[in-house]
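The values are calculated or read from the model by the stated rules, or taken from the named source; none is laboratory data. Bear in mind the structure is a predicted one, so any value in this text is a computation, not a measurement. With ideal geometry, Cβ positions are generated from the backbone for all residues, glycine too; neighbour counts draw on all protein chains shown. Each accessible area value is taken on the protein alone, full model and side chains, heavy atoms only, with ligands, DNA and RNA left out. Shrake-Rupley method; radii C 1.70, N 1.55, O 1.52, S 1.80 Å.
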Amino acid sequence: MEFEPLSMGNDVIEFDMISLGDDAGIDIDHHVDDDDDLVSGYNVPIYTGASSIGATMGLYIPGVDTNLEPYQGMEFESEEAAKAFYNSYARRVGFSTRVSMSRRSRRDGAIIQRSFVCAKEGFRAGKEKNSLDGRVKRPRAETRVGCKAMLVVKIQDSGSWVVSSFVKEHNHELVPPDKVHCLRSHRHVSGPAKSLIDTLQGAGIGPSGIMSALIKEYGGISNIGFTERDCRNYMRSSRKRTLGGDTQVLLDYLKSKQAENPSFFIAVQGDEDHCMSTILWVDPKARTNYTYFGDTVTFDTTYRSNRYRLPFAPFTGVNHHGQPVLFGCAFLVNESEASFIWLFKTWLEAMSGRPPVSITTDHDRVIRAAINHVFPDTRHRFCKWHIFKECQEKLSHVLSEHHNFEPDLHKCVNLTDSIEEFESCWSSLIDSYNLREHEWLQTIYGDRWQWVPVYLRDTFFAEMSITQRSDSINSYFDGYINASTTLQVFVKQYEKALESRYEKEVKADYDTINTAPVLKTPSPMEKQAAGVYTRRLFIKFQEELVDTLTFLANKINEEEMVAMYRVAKYGEIHKAYIVKFNFFEAKATCSCQMFEFSGLVCRHILTVFRVTNLLTLPSHYILKRWTRNAKSGVLFDEHTTDLLNGAQESVTIRYNNLRREALKFVDEGVSSLKIYELAMSALQEAANKVSHATKSGRKLVISNGTCKEYLHQSNDATTKRFDSQFDAHQSSSKDDQDKTIEKLTRQLDRVRRKCEVYRSNLLSILKDIEEQKLELSVKVQNIKLGMRIDI
């Protein structure tokens, strides 16, 4: 006999001969591949039981009831119809099927018999082992148990196919209906599903979000017909397209930016010329923003931005207006732990090695391992909203049966005020819905300290609300890039996104400076906050302050200088918060931990301030990152001590600071002649002030950039004078020497006091420069708006 391989799709499947009878004129081919199934080699629809086989296949099968079991003598119009019917029957019963063998005619090689079997038929052939050492290359779980269930069909002279043999019994447990969609032969990404996946991916939605949408569209995960893994595989298949010169376009763009400004940071994992390398870049503005607002960072890997499905992962934060601010970008091809470790280490290097206080990412064990490795002292949080999205997929059957489960889950997570209350609520929730053994719920419960708010409130995340989603979670590039964006187009859209975000920040600065908020109380504290905070942050503070009018504070304990208050809303005494207040230091802590979490004082502490007649907000409760002067003098303040320790270091830092601030005007100043003239005028005015301060400083006050040099020169002069006088009086008596040393010491003290005055004046000058810079930015924005109106 001669045996031919049977081609299934793109794979050639090998067959072994088995004996089924004495047909001398027939070849027999036996299928033994574990990875094939009954539908994988055929591009035909899967029958779901909603209509007849004829309707599903486009064929008419007389006398076939789809609810019947197969029986000997059942007739089908074609082999494909028989296969689809048996697979449909397998879905209803609870097992997976595959093609086992075929028999061919010697005369013309046509298939005259097909056998369809349970996927657990037979036993795995030992062909995975390496021929050299006998070890298994890729161990896989054993799935075959020698099940005998099968359906055999033969072709008739009329061209129809008839069941010649049917074995019903299985030697293993069958799969329940709610899990049958996981079986291999019943998993198939249909045409409509592919269209929906493409559309949603085009909107920048990742696999988890797409599966959530499909669950809602099809009424449950069991109705979709495939798993998230199949969805990911389909999305990943587009990566087979070569990137060609697109990657080089991006690299050329980034290198041109670096050539314009050496502070533009670029890093590529592997060979720069390789099209599948991971790329990280951080522009100078992002690095500057990080010095102001780098206390909390969001790393978003869920945003797929281009047609190659390469994850575009921006590092973002929150500025003083509560707006997203960029800290860097990466294109990730390899999402392994090693790749993430490289990325985080390289990004940290770009940020001068200063890690954030907190970082928020998607719920991903690989990212967690990388962050633990690179940021051991940074508080890592999983995005709560991404976990809620996962819930829609993992618990779809629960959500469809119990409409109150999702609201109850949100209440348990968001509205519990203590760890004890959350633990009790969670236990009651999973018991009420009989979910204590649910594997995914057990997983996220084990990770609760990384996503449930009550475990995270002691760390700063720059969020104003526990229950509302922060703008920082939203992608910085929403509305600018999607799944159809090529890398060439991405370069342009990237620039537009940066420009748009910058304009929004300037507009927020303008609103803060030029519009006075409406005060709602006569409180001096409200007036103080209105002049300190940015507009958006003041509105939030004002809400907290006004709400204190509905709260009562009762002192329950006092020890030395610390008093303890029970603060509760009128009529809700059962829901109280504990505030500890130190009268001497004017410091308070609240059990809600809002200040620690968001950086704004809560209504409970403000209530205690009100009843204790503390009329203004203590300075230690005003975080500079939330104020209208958040970007003024940050680097100078951080390095003041270092500046006092060395003249050479101070010169370098002063130079870098002034250069950075001056360059901020260059890009805007050259955009038009009017803006150029305005910028030159403002810079000349600033230069005149600095020149005047420099001239007067040589006598009385030292201007910006010369204070520490004067100190250094004064110290050198004093030292030389001391050496000269000491040499001249070396032969004098010991008393004369002591008097000389005492005199020189007094002179040195006077020099030091003068330097303190100089430093104070320098800070004042820097503040004036910052205010002029802000006014200039606003004027530039007004001119740009006016020019647009004229156009």
(message) My understanding is that a pair violates if its Cα-Cα distance is over 21 Å; which of 587/631; 120/168; 504/779 do that in this structure?
(response) 587/631
(message) At 7 Å along Cα-to-Cβ for each site, give me the label-to-label distance between residue 589 and residue 560 in nm.
(response) 1.4
(message) Can you compute the modelled spin-label distance between residue 677 and residue 442, with each label point 7 Å from Cα toward Cβ, in nm?
(response) 7.6
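Given the Cα-Cα distance of residue 775 and residue 154 and 0.36 nm per residue of separation, how much length would full extension add, in nm? Present the calculation step by step, with values, prior to reporting the outcome.
Values: separation 621, 0.36 × 621 = 223.56 nm, distance 8.75 nm.
So the chain would gain 214.8 nm between residue 775 and residue 154.
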(request) Considering the options 370, 388, 413, tell which one lies farthest towards the positive end of the dipole of region 333-448, charges being +1 on Lys and Arg and -1 on Asp and Glu at the Cβ, about the Cα centre. (result) 370
(request) Quick one: Debye curve from the alpha-carbon atoms of region 497-630 only, equal weights, vacuum; give me log10 I(q)/I(0) at q = 0.13, 0.17, 0.18 Å⁻¹ to two decimals. (result) -0.59, -0.90, -0.99
(request) Using a cut-off of under 17 Å, list every residue of region 433-452 whose amide N is near the label point 7 Å from the Cα of residue 404 along the Cα-to-beta-carbon line. (result) 433-435
(request) Just flag the GluC sites (Glu not before Pro) in region 546-580 sitting in loop per DSSP whose Cβ has no more than 11 other Cβ atoms within 10 Å. (result) 560, 572
(message) Can you divide the C-alpha Rg of region 168-221 by 2.2 N^0.38 Å and report the result to two decimal places?
(response) 1.46
(message) Suppose all protein chains stay in the model; what accessible area per residue would a 1.4 Å probe give for region 399-553, in Å²?
(response) 49
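Just need the relative contact order of region 155-234 here, percent rounded to a whole number, with Cα pairs under 8 Å and 6+ apart. Can you show the working numbers first?
On the way: 46 pairs, mean separation 27.1, N = 80.
For region 155-234, the relative contact order is 34 percent.
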(message) With θ taken as phi - 60° and the coefficients 6.51, -1.76 and 1.60, list the Karplus ³J(HN,Hα) couplings across region 409-426 in order, rounded to whole Hz; mark glycine and proline as x.
(response) 5, 4, 5, 4, 7, 8, 10, 8, 9, 8, 4, 4, 5, 5, 4, 5, 5, 5
(message) If R₀ is 25 angstrom, what is the calculated FRET efficiency for the pair residue 573 and residue 459, using the beta carbon separation as r and rounding to 0.05?
(response) 0.25
(message) Given R₀ = 56 Å, what would the calculated FRET efficiency be for residue 195 paired with residue 124, taking r from the Cβ atoms and rounding to 0.05?
(response) 0.90
(message) Assuming 0.36 nm per residue, please report the length gained on full extension of the stretch residue 424 to residue 164 beyond their Cα-Cα distance.
(response) 87.5 nm
(request) Extending each Cα 7 Å along its Cβ direction at residue 735 and residue 373, get the distance between those two points in nm, one decimal. (result) 7.5
(request) Subtracting the Cα-Cα distance from 0.36 nm times the residue separation, let me have the gained length for residue 248 to residue 499 in nm, one decimal. (result) 88.0 nm
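Quantify, in whole percent, the carbon and sulfur part of the accessible surface of region 512-623 (1.4 Å probe; protein heavy atoms only).
Carbon and sulfur: 55 percent of the exposed surface of region 512-623.
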